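The values are calculated or read from the model by the stated rules, or taken from the named source; none is laboratory data. What you see is a predicted model; the values in this text were computed from it and never measured. Methodologically, a virtual Cβ is constructed for each residue, glycine included, from the backbone with ideal geometry; neighbour enumeration extends over all protein chains shown. Heavy atoms of the whole protein, side chains included, go into the accessibility calculation; ligands, DNA and RNA do not. Shrake-Rupley method; radii C 1.70, N 1.55, O 1.52, S 1.80 Å.
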Amino acid sequence: MNTGWNLDNSYARLPEIFYSNINPKPTDSPKLVILNNKLAEELGMAPQELKKNEGISVLAGNSVPKDSVPIAQAYAGHQFGYFTMLGDGRALLIGEQITPTNERLDIQLKGSGRTPYSRGGDGRAALGPMLREYIISEAMHALNIPTTRSLAVITTGESVIRDKILQGAILTRVAASHIRVGTYEYAAKFGNKDELRALADYTIHRHFNNIVNDENIYLSFLKEVIKRQASLISKWMLVGFIHGVMNTDNMTISGETIDYGPCAFMDIYDSNTVYSSIDTYGRYAYGNQPSMAEWNLSRFAESLLPLLNENHEQAIKLAQDALAEFHNLYKGFWLSGMRAKLGMFNEEEQDEKLFEMLLSLMHKYNEDYTNTFLSLTFDRIDELSMFKNNDFENWHEMWQERLARQKENKEMVQQIMKESNPGVIPRNHRVEEALEAAVTKGDYSVMERLLSVLSKPYAHSKEQLEYAELPPSSLCKYKTFCGT
Ligand code: AMP
Ligand code: MG
């Protein structure tokens, strides 16, 4: 039977500055440790064939499917505010899978060896961080948040040297595309106007077919990207997700979440929460994410200036006006998400105030973000430590009165709240527990169980209850590492 590869290589038809052709580096003794059967089927592939030696060989970079043109993509980016030349230093694109529903999805091997963009790096990835990306990206997908997906992880049989010796691994990542804000910064800095235009036309054709007939197509493009990011970041904020490294190279143009490094979900509500060990100044703290997205979008807009208008001043004006919309767009998405989380079907002017009050109560009483919404959804407010405090009682009464002013009944309110408040998120201690069993004991059952629970966060099933429990307090000072 056929594995089902059905690859095209449209990115490799862009001007040469955007990529380097490379041959994957063979790996010693690849072993498949996890395969996403459902995603494989959605891609039009046969999971049982992918599990055979021939299938694994492709996921390990030991052979390439017919029709594949393997490339490493060039990009730059602002890392913690500073511009750097980057590129796929440890990844390669084997092509774009055309799925049975005619979607075009990038298939990328992450951890597949050195490329012309590796700089000082070894081009490899360690098992723990690749499994971590697998778990969190799949959890994000189940939470209905646009994200790259994870098809498989293989161990390479080789060692990767970090602060200790680790097992090497390769993640097969699936994405709408890997075009980043940093790809545009690269085009603007190192390409000419024709090359920049070629990239923009390519991206528009691939992701924004709705604007192809607009008058100023590049301005519409900028506005669409701003809108998608405003929507994406609102979704992160609504579930308490902290990306951790929102550098411009880690922000896609398609609007998918990408590059799960030191990311984590917030437990106790605090807008200053930072988990990443490298984010010393809290640049990418939970509460800063909307403004950091706006900062990144400004870098994107700057890169597009030559296409927005022949007149530089005019181009700047158009870009500034478009960027000025980010805040309102974000606010609108966030407010409507919060309304759903609190069972509201219509809009009232005071809603935002009510939301802010709840968040400051959570902060004051050290409440868990996710579980507070669950307690409200299932009317189990006695579980909250702020229960019986006057300020919370006042808030609760105001909320109940607010709900009573709309025509929807209690059942409808609970229904929308159940659909909007996850019963489970990938809690840091649960993720660590799964990684520990997999990496040190080769026991993938803990991870499989976690993945299964995380795959239906809005089911509110019995099996989720233990996964909703908070970590022992000793684990609260959780730190994440970049995992490179
Ligand atoms: P990341 O932190 O994964 O977003 O990566 C930032 C940049 O560093 C990208 O250009 C990566 O390709 C590159 N990079 C990360 N790890 C390695 C590695 N082990 N070898 C070579 N390049 C790397
Ligand atoms: Mg990156």
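Structure above, values below:
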read-out: Gyration tensor verdict on region 181-333 (Cα atoms; rounded if a/c is under 1.5, prolate if a/b is larger than b/c, oblate otherwise); value: prolate
read-out: Gyration tensor (alpha-carbon) shape descriptor, region 7-175, a/c threshold 1.5; value: rounded
read-out: Within the accessible area of the chain (1.4 Å probe), percent carbon and sulfur; value: 49
read-out: Nearest-ten-degree value, helix 217-239 long axis tilted from longest Cα axis of the chain; value: 50
read-out: Glu356 versus Lys52: modelled label distance in nm, points set 7 Å from Cα along the beta carbon direction; value: 6.3
read-out: Region 206-279 versus region 336-401: alpha-carbon centroid distance in Å; value: 26
read-out: Sorted peptide list for 464-471, 252-259, criterion being average Cβ within 10 angstrom, highest first; value: 252-259, 464-471
read-out: Spin-label model distance (nm) - Phe83 vs Lys193, 7 Å beyond Cα toward Cβ; value: 1.9
read-out: Considering only the chain, percent of DSSP beta bridges that pair antiparallel, nearest 5; value: 95
read-out: Positive-end extreme of charge dipole, the chain - chosen from Asn53, Leu151, Val446 (charges on Cβ); value: Asn53
read-out: Cα centroid separation, region 1-48 to region 113-192 (Å); value: 14
read-out: Near-label residues of region 37-54 by backbone N, under 19 Å of a point 7 Å along Cα→Cβ of Ile98; value: 41-46
read-out: Interchain or long-range residues, amide H under 5 Å from Gly87's placed H; value: Tyr75
read-out: Computed [θ] at 222 nm, helices only, for the chain once each DSSP H run of length n ≥ 4 contributes -39500 (n - 2.57); value: -13500 deg cm²/dmol
read-out: Top positive-direction residue, dipole computed over region 167-306 with Cβ charges, set Asn209, Ile253, Leu222; value: Asn209
read-out: Surface accessible to a 1.4 Å probe, per residue, for the residues of region 7-175, Å²; value: 38
read-out: Degrees separating the helix 351-364 axis from the principal Cα axis of the chain, which is the longest one; value: 90
read-out: Test item: Cα-centred dipole of the chain, Lys/Arg +1 and Asp/Glu -1 on Cβ, debye; value: 1040
read-out: Inter-probe distance in nm under a simple model that places probes 7 Å from Cα toward Cβ, at Asp270 and Lys462; value: 3.7
read-out: Solvent-accessible heavy-atom area per residue, rounded to whole Å², over region 181-333 at 1.4 Å; value: 37
read-out: Cα gyration tensor category, rounded, prolate or oblate, for region 298-430 with a/c compared to 1.5; value: prolate
read-out: FRET E, pair Leu470, Asp379, Förster distance 30 Å, beta-carbon r, rounded to 0.05; value: 0.90
read-out: For peptides 304-312, 290-298, 234-242, 126-134, sequence by mean Cβ density within 10 Å, most packed first; value: 126-134, 234-242, 290-298, 304-312
read-out: On Cα atoms only, tilt of 390-404 relative to the major axis of the chain in degrees; value: 80
